[in-house]
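Student: If you scroll down you'll find the structure; I have some questions about it.
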Amino acid sequence: MTERPMSNSVENAITGYASHVVQAGKIYGDINFHHPAPPPDPPYHPLPSHPPEVWLLQPHFGVVPYLGREDLLTTLQTWCETDHPFAIAHITGEGGSGKSRLAAEFCTRMTAWASGRAGPETLAVLAPTTDTVLTIDYPEQGTAVLGKALERLATRPDGPRIRVVLLSRATHWWPELDRAGHRTASLFTTLHLDLAEHTLSPAERHTHAKAAVDAFSHHLNLKPVPPPDVTDDDYANPLLVHVAALLALHGHRTANPVRENVLAHIVTRERNRWTRLLPAHHLADLHETHALRAVLLTLLTAPSAAEAADRLAALPEFAGEAQRERRSRIAYWLADLYPGDPLMTSFGPDLLIEELLDTPVLDEVVTTAHTHSPSGRVRLLNTLRLAAERRPTVRAALHKYLISSIDVLAHQALDAPNGLLTDAVDSALTLCAERDDPHLALACVELRKALPLDHERDARLLCTITQALLPLSRRLAEKDPKDGLVALRLSLSLLSHNCLQAGRFEDALAANTECVDVSRRLVENDDGHRTSLAFDLGNLAVGNVHVGRLDDALAAAVESVAVAREIPEDENTAALALIKLSGIHAELGEYDVALTANTESLAVLRRLVASGEKYYLPYLVHALTNRGAILSGLGSHADAATTIMEAIDLRGTLGRQPGPELPEPHYDLHNLSHVLTKQGRHEDALAAIRKAVEAARDLAAVNPARHRAMLVRNLEQLSRILLRLERADEATDAQLEAVDVARQSSRPNLAVTLAGLVAVLLTQNRHADALPVCLEAVTHLRQVTSSRPDLLVVLASTLVDLNTIMNRLGRSGEALAAAREAVDTTRRTDPFAHPAPADALVTLAHQYARSGRWRDAAACISDAAVLLRITNRIDLLADVMADLAEFHTRLGHDGPAAAAALQSVRITHGTTPTDHALKLLGEIQHAVGRHATALRTLRKAAELFDDRPPELAQILHSLADLRARQGRYADAIVDCRRGNELYELLATRDESRYLDQFAHSSSKLRALLIRVGRVEEALPVARRHVKIAQRLAAGNPRFKEVAAEARSGLAEVLSHLGRFAAARRAGES
């Protein structure tokens, strides 16, 4: 059995459309986290002396002993203690349901783990040295940062276990988190607890109430009282039970409605406390409404103590220089109310913030709460957004604020670097847009006119703004079927563009579909809109491509071209439609049809550009880019290179930002390097890919989310070309960078990049280095293939490589498991669409053969042969049939072995294969130890090869080996001498091909002659061997060892003859 290396490369579409190999990598041990993470906030804090009463209700002070829900704690502990390196839990429940308290208690019980509360910014730089569990409150307020942070932690190559517990009221924000983290949240969330399913029973409420009364009376130094009546269903909420217990200590007994009653009473008590503290700050004359406004402003904008006085100047009653000193006293009063910096951030819990905000004065405060700080605006929007769901007064204030300030908020959000303000604006606008208010829609219409067409980093906010104006556009379309429909079509077209850029492909497709429907209605009323319909059908085709519906994409593109051809005297629109049609045909592998469409499009575009229509120049470049990829797919690499070079030259006349219709410049350079490699022009390919890498680096620095993936592909291509040029160190450096970048990109991208690295390391026989990389690649691929079945082929190939590694490291049991999993994985794919199924079966067959399980090996290799025949992989099929012949030979199945050998030879040599089949079968029999049978087979083969010296010489040497094994040395020498003479004749005719075989034959003949004591005959053979070997070494340094062995053989012969001085000179020369 001949072991063949299994490649882990994956044949995909070249950038554009032709074939391309994806692989890259990094060796572990040099991942750096450049900024130390702040330590997590402990789950519990000691309660300060003389705290505000509302602090007794804060979960992180844990004043009331933890009660109940032991089953949930056990579930959390079991989830946490698994062996998975990274996992996420998600706990949902309404405000006050006990999410934070449950998480805090869970953290305290995980005594062997570092634990506490953290924000997304902490996770973004976290580099733990021990097992760590962190809880995140309000994950919806930072999905952009949190998504990337979760992905970074999930893709660590090694390190301690990390658990993240997300706490939220609802799940509407989950898709955005998934997009930001490339589905990390969905892939790694292994536990979901909904506290709505675990509300307090009447008995549990009573127990909570009694414990709360006892705890509060102790802290407040009050006499305990009987627990309040908590039988009302509202008291299924633990916080409301605790509030009722606190009020009961002060003589308040609840009345219906419970929630509003108890919350209003506790807030009233706090406001009374504020009033009592005013005289101490020389503010006894401060009107209670003004005091409330000051508190609300500070609560909403969270200024630092130093900023508070200036922030208060936004309120009319505190404006002006004359009020400066008074504002300072109010700031000190606020700091005294709830100590902490920023001010008022320690007020809570959230249900009390909602109650406090639910006041008629809120609207005026929000209107005047001007803050230019992005963090202040984030706080304002998030605080209002959280309360707005249950409080109409708050929702109205937020709605009014967005109408007046959406322009400023959107522009600042798009300029802010971390995405937190974008999250806040997006969430608030999404909530308020549900009302379909025409005033808000109109504000969004005006805003959208002022904003850029696209924004790479925060396209999602542009999506939300455009979605907010759609209700108004739809109403206008109903009232004015002419101009209103035109406006609606433009809005939908813009929405689909922004959704594509934001990665919301399903949303983009929905907008495309509606846009086409609107265009059809326009065409019904006016044929002049056919151009728009053709354009929108083309966009619908692109939208379908992005969600993998290529058949639907093709149908839309075909209709787009058909509509365009119906437009009188307008070949321009058809040319643009043909660009998309040719691209989709190429995606489907229909290169001939794609080329026809591209040729027609290109002819029109060349004429337009030649006539001075510079508007069409980017489209011409795009068509040339597609054509280069199509030609490469057809195998016309020289023509492809010429076409791509033309595209690159034309692109240079457009500047760096030619517009949305044109792929980035590194796509052309990448494709050029590919086709140059196919032509064997590796140095030229290297120059092209270096330029592509630099271009992609520049773009990724500006917008990493959009361009990292292409930077990785360019680095992988650079690595492959450097390997072809035998520049292994530089190739490794390129792959190290590729994995570094991929770790900040999507998990599928990282998985494929790691799989590629495995293959690269194996080409250098670095099996030990490849093992941890391969294990990580397999882990990621197992997780992502549920949503990316196209990567099953990569998983199977990587498992094949894992089999190779385990075998080389002597871990045969794990090698067998990997081979079996590879075969199981390929059963989930189309066995005729990829080489992976057959490769996996071959790998498993070889693994069985290593274990001597010849029957299993033969069964696997037979299945592989069937697949290879169907997929027409003739080159590998010949080797597989040779393996099958060997396995049958080992089983003693001479008939099937001969048939398999015959098929192997027929594949290789054509229609007269008997002689080659006998030769192959004899060599197999020889290799497996069936020497007598092999001798008979090879004798027959020798008779058939009598007129073909090269093959006959090989057979004669095999016969000599067999006779020597039987002790028939005289016969062995006859066969070997005859073979040696044939090789001498062949070498005189073609030295470059046969001289090394003549040398090997001479060495074998010399050894046989010495073995039987015919040393005098061996001397001329040994001398001739030295001369042959010296000629070989002079022409190629790799034959130096052959020359040394020849000299050693001559010295051995001379020693046998007693000529020791001559032997010494021969050995030293």
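Student: Could you grab the pairs with beta carbons closer than 9 Å, sequence gap of 6+ or different chains, first residue in the range 113-130 and closer than 26 Å to Phe61 by Cβ and at pLDDT 85 or above, second one assigned to a strand (DSSP E or B) and among the basic types (Lys, Arg)?
Tutor: Trp113/Arg163; Ser115/Arg163
Student: Separate question: So, Gly68, is that one at pLDDT below 50, more than 30 Å from His637 (Cβ to Cβ) and small (Gly, Ala, Ser) or not?
Tutor: Taking the combined requirement at face value, the residue does not satisfy it.
Student: Of all residues in the range 875-901, which are over 20 Å from Gly852 (Cα atoms), at pLDDT below 80 and either within 47 Å of the chain's Cα centre (by Cα) or of a type in the set (Lys, Arg) (or both)?
Tutor: If the condition is that a residue be over 20 Å from Gly852 (Cα atoms), at pLDDT below 80 and either within 47 Å of the chain's Cα centre (by Cα) or of a type in the set (Lys, Arg) (or both), then Asp875, Ala878, Ala901 are the ones that fit.
Student: Name the residues in the range 943-960 that are farther than 15 Å from Gln997 by Cα and modelled with pLDDT of 80 or more, would you?
Tutor: Once the filter is applied, which keeps residues that are farther than 15 Å from Gln997 by Cα and modelled with pLDDT of 80 or more, the range 943-960 yields Leu959, Ala960.
Student: Need the failing condition index for Asp698 against (1) crowded, with 22+ Cβ neighbours inside 10 Å; (2) of a type in the set (Asp, Glu); (3) modelled with pLDDT under 90, just the number.
Tutor: All conditions are met except number (1).
Student: Just to verify a result, which residue in the range 820-836, among those that are at pLDDT below 85 and buried (at least 16 other Cβ atoms within 10 Å of the Cβ), is nearest to Leu791 (Cα to Cα)?
Tutor: Applying the filter and picking the extreme gives Thr829.
Student: For the structure I just gave you, tell me whether Ser719 is outside any helix (DSSP H, G or I) and in contact (Cβ under 8 Å) with a residue 12 or more places away in the chain.
Tutor: no
Student: Still on this structure, I have one more. When you look at Asp229, is it within 49 Å of the chain's Cα centre (by Cα) and surrounded by fewer than 18 Cβ atoms within 10 Å (Cβ to Cβ), yes or no?
Tutor: Answer is no for this residue.
Student: For the range 177-199, check the following and say yes or no: at least one residue is under 23 Å from Asn261 (Cβ atoms), out of contact with any Leu (no Cβ under 7 Å at 6 or more places or on another chain), in contact (Cβ under 8 Å) with a residue 12 or more places away in the chain and not in a helix (DSSP H, G or I).
Tutor: yes
Student: Which of the following residues is surrounded by fewer than 18 Cβ atoms within 10 Å (Cβ to Cβ) and in a helix (DSSP H, G or I): Ala1018, Ala999, Ala1007?
Tutor: After applying the criteria, what remains is Ala1007.
Student: Can you pull out the residues in the range 539-565 that are within 28 Å of the chain's Cα centre (by Cα) and of a type outside the set (A, V, I, L, M, F, W, C)?
Tutor: Those that are within 28 Å of the chain's Cα centre (by Cα) and of a type outside the set (A, V, I, L, M, F, W, C): Asn539, Gly543, Asn544, His546, Gly548, Arg549, Asp551, Asp552.
Student: Return the total of residues in the range 722-739 being more than 25 Å from Arg152 (Cβ to Cβ) and either touching a Cys at 6+ places or on another chain (Cβ under 7 Å) or part of a helix (DSSP H, G or I) (or both).
Tutor: Residues that pass the stated criteria total 7.
Student: A further question follows. Scan the range 557-579 and give yes if some residue there is closer than 22 Å to Glu506 by Cβ, surrounded by 24 or more Cβ atoms within 10 Å (Cβ to Cβ) and either out of contact with any strand residue (DSSP E or B) (no Cβ under 7 Å at 6 or more places or on another chain) or among the hydroxyl-bearing types (Ser, Thr, Tyr) (or both), otherwise no.
Tutor: yes
Student: Let me ask something else. Give me the residue from the range 970-1026 that is free of Cβ contacts under 8 Å to residues at least 12 places away in the same chain and of a type in the set (S, T, N, Q) and, out of that set, nearest to Glu1041 (Cα to Cα).
Tutor: Once the filter is applied, the top-ranked residue is Ser992.
Student: Restricted to the range 758-788, and to residues that are under 19 Å from the mean Cα position of the chain (by Cα) and in a loop (DSSP other than H, G, I, E, B), which residue is modelled with the highest pLDDT?
Tutor: The extreme case among them is Thr785.
Student: Name the residues in the range 590-612 that are outside any helix (DSSP H, G or I) and of a type in the set (Ser, Thr, Tyr), would you?
Tutor: Ser611
Residue by residue, here is whether (1) assigned to a helix (DSSP H, G or I); (2) within 18 Å of Leu1005 (Cβ to Cβ); (3) of a type in the set (Asp, Glu); (4) at pLDDT below 90 holds:
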site: Ala1022; (1), (2), (3), (4): yes, yes, no, no
site: Val1026; (1), (2), (3), (4): yes, yes, no, no
site: Ala1034; (1), (2), (3), (4): yes, no, no, yes
site: Val1042; (1), (2), (3), (4): yes, yes, no, yes
site: Glu1045; (1), (2), (3), (4): yes, yes, yes, no
site: Gly1049; (1), (2), (3), (4): yes, yes, no, no
site: Glu1052; (1), (2), (3), (4): yes, yes, yes, no
site: Gly1067; (1), (2), (3), (4): yes, no, no, yes
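Student: Residue check, His585 against (1) crowded, with 24+ Cβ neighbours inside 10 Å; (2) touching a Phe, Trp or Tyr at 6+ places or on another chain (Cβ under 9 Å); (3) touching a residue at least 40 places away in the same chain (Cβ under 8 Å), all met but one. Which one?
Tutor: It is condition (3) that His585 fails.
Student: May I pose another question? Could you please give the count of residues in the range 421-451 that are over 18 Å from His172 (Cβ atoms) and either without any contact (Cβ under 8 Å) to a residue 12 or more places away in the chain or among the hydrophobic types (A, V, I, L, M, F, W, C) (or both)?
Tutor: 11
The values are calculated or read from the model by the stated rules, or taken from the named source; none is laboratory data. As the structure is a prediction and not an experimental result, all values here were calculated from the model. Counting neighbours? That spans all protein chains shown, and the Cβs are built from the backbone with ideal geometry, glycine included.
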